[in-house]
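Worksheet for the structure shown next.
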Amino acid sequence: MPNLRLADLTAEIEANVRRALLEDVGSGDITAQLIPAERLAKATIITRDECVIAGSAWVDAVFRQLDPRVAVHWQVKDGERAQPNQPLFHLEGPARSLLTGERSALNFLQLLSGVATRAQFFADKVADTQVKLLDTRKTLPGLRLAQKYAVTCGGCHNHRIGLFDAFLIKENHIAASGGIAQAISAAHKIAPGKPVEVEVESLQELKQALDAGADIVMLDELSLDDMREAVRLNAGKAKLEASGGVNEDTLRVIAETGVDYISIGAMTKDVKAVDLSMRLSL
């Protein structure tokens, strides 16, 4: 599946930000009203952590929707690494608007930069191999596209976006369909041209999936020896994806088995937000 492009996310970004501002600002920021409406200010946003940046478009949208008079001046780009205490961007505009938009803007940036940083951590471990690291659907509800975009900023790749753009036939689907071959055959009839991926738990099931014409076979928690044998048996017929039991300790050895993809739910699920800070000056 192709990676998400920022150019395709314009409507999604605007919708994400509208929801965030409605949630946070609601009927109005009563604390900001302590400040005279005409007062102007500047602010600098820094990171306290080393990180990979992602989410600048969401920050821009926060201030654009909140108050177009706010100017945002970026010092870094998405995908770039930032060091502790490094300025990320500067703001200029009405003091009320800078303070009102601060939390929503930083929430997006700290989360998405956390995802990008985690993704690059994994990508660096297999940078000299041929494997592609994939995200999963283990994302925050309502922010899937944002998180999947952040994954690409960290040098990893997108799996399917949702249940609509590719088949992923798992154990329960197979049981309900009557078998691996029956499930794959039905998938090709339901949506010709859509990728068909099948999860298998043994080399015997792998052979069944290959015989039935699967495009991708997910090797679910197979041993390293079985993964190597799967690569040999496959011989390029389908793409092989390793899944389950993947962590920073096992990633490298799994990549060295020769599989095409490794999917890692932790890239979007087990994420530590980047520590950001805004410094205001009047």
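The values are calculated or read from the model by the stated rules, or taken from the named source; none is laboratory data. Computed from a predicted model, the values in this text were never measured in an experiment. Please note: Cβ atoms are built from the backbone with ideal geometry, for glycine as well, and neighbour counts cover all protein chains shown. Accessible surface is based on the protein model in full, side chains and every heavy atom, while ligands, DNA and RNA are left aside. Shrake-Rupley method; radii C 1.70, N 1.55, O 1.52, S 1.80 Å.
Can you work out which of the residues in the stretch 133-150 that are among the charged types (D, E, K, R) and not in a helix (DSSP H, G or I) is farthest from Arg118 (Cα to Cα)?
Of all residues in the stretch 133-150, those among the charged types (D, E, K, R) come to 135, 137-138, 144, 148.
If we keep only those that are not in a helix (DSSP H, G or I) as well, we get 135, 137-138.
Details: Asp135: 11, Arg137: 16, Lys138: 14 Å.
Top of the filtered list is Arg137.
Name the residues in the stretch 151-181 that are open to solvent by 40 Å² or more (accessible area, probe 1.4 Å), in a helix (DSSP H, G or I) and touching an Asp or Glu at 6+ places or on another chain (Cβ under 8 Å), would you? Quick ask: steps written out before the conclusion?
So in the stretch 151-181, the residues open to solvent by 40 Å² or more (accessible area, probe 1.4 Å) come out as 155, 157, 163-164, 167, 170-173, 175-178, 181.
Going one step further and asking which of them are in a helix (DSSP H, G or I), we end up with 171-173, 175-177, 181.
Passing the criteria: Glu171, Ala181.
Show me the strands (runs of 3 or more DSSP E) entirely contained within the stretch 204-267 in which 2 or more residues are among the β-branched types (Val, Ile, Thr) and at pLDDT 95 or above. Steps first, answer last, please.
On the way: elements: 216-220, 239-243, 261-263.
Result: 216-220.
Under the condition of being in a loop (DSSP other than H, G, I, E, B) and under 17 Å from Thr152 (Cα atoms), which residue from the stretch 72-94 is least open to solvent (accessible area, probe 1.4 Å)? Steps first, answer last, please.
Just the residues of the stretch 72-94 that are in a loop (DSSP other than H, G, I, E, B), to begin with: 75-80, 83-85.
After this cut, where a residue has to be under 17 Å from Thr152 (Cα atoms) as well, the list is 76-80.
Details: Val76: 11, Lys77: 139, Asp78: 37, Gly79: 33, Glu80: 80 Å².
Per the stated criteria, the residue is Val76.
If the Cβ limit is 6 Å and pairs must be 6+ apart or interchain, which residue in the stretch 259-276 that is under 23 Å from Gln83 (Cα atoms) and open to solvent by 20 Å² or more (accessible area, probe 1.4 Å) pairs with which residue that is assigned to a loop (DSSP other than H, G, I, E, B) and not aromatic (Phe, Trp, Tyr)?
Close Cβ pairs (under 6 Å, with a partner that is assigned to a loop (DSSP other than H, G, I, E, B) and not aromatic (Phe, Trp, Tyr)) amount to Asp275/Arg48; Asp275/Asp49.
State whether the residues of the stretch 57-75 include one that is within 21 Å of Arg118 (Cβ to Cβ), in contact with a strand residue (DSSP E or B) (Cβ under 6 Å, 6 or more places away or on another chain) and touching a residue at least 60 places away in the same chain (Cβ under 8 Å).
So far as the stretch 57-75 goes, no, none of its residues is within 21 Å of Arg118 (Cβ to Cβ), in contact with a strand residue (DSSP E or B) (Cβ under 6 Å, 6 or more places away or on another chain) and touching a residue at least 60 places away in the same chain (Cβ under 8 Å).
When only residues in the stretch 41-71 that are of a type in the set (D, E, K, R), open to solvent by 30 Å² or more (accessible area, probe 1.4 Å) and more than 23 Å from the chain's Cα centre (by Cα) count, which is farthest from Thr10 (Cα to Cα)? Steps first, please.
Step one: of the stretch 41-71, the residues of a type in the set (D, E, K, R) are 42, 48-50, 60, 64, 67, 69.
Adding the requirement that they be open to solvent by 30 Å² or more (accessible area, probe 1.4 Å) leaves 42, 48-50, 60, 64, 69.
Then drop every residue that is not more than 23 Å from the chain's Cα centre (by Cα), which leaves 42, 64, 69.
On the way: Lys42: 27, Arg64: 13, Arg69: 20 Å.
Looking at the filtered set, the residue picked out is Lys42.
Those residues that are among the hydrophobic types (A, V, I, L, M, F, W, C) and more than 20 Å from Leu280 (Cα to Cα), I need them from the stretch 62-90; list them, please. Talk me through it step by step, then tell me what you get.
Quick first cut of the stretch 62-90, residues among the hydrophobic types (A, V, I, L, M, F, W, C) only: 62-63, 66, 70-72, 74, 76, 82, 88-89.
Ala82, the sole residue that qualifies.
From the list Lys125, Lys132, which residue is in contact (Cβ under 8 Å) with a residue 40 or more places away in the chain, over 12 Å from the mean Cα position of the chain (by Cα) and surrounded by 16 or more Cβ atoms within 10 Å (Cβ to Cβ)? Please lay out each step first, then the result.
Values: Lys125 fails: surrounded by 16 or more Cβ atoms within 10 Å (Cβ to Cβ).
After applying the criteria, what remains is Lys132.
Can you tell me which residue in the stretch 212-256 is nearest to Ile180 (Cα to Cα), limited to those that are surrounded by fewer than 21 Cβ atoms within 10 Å (Cβ to Cβ) and among the polar types (S, T, N, Q)?
Asn234
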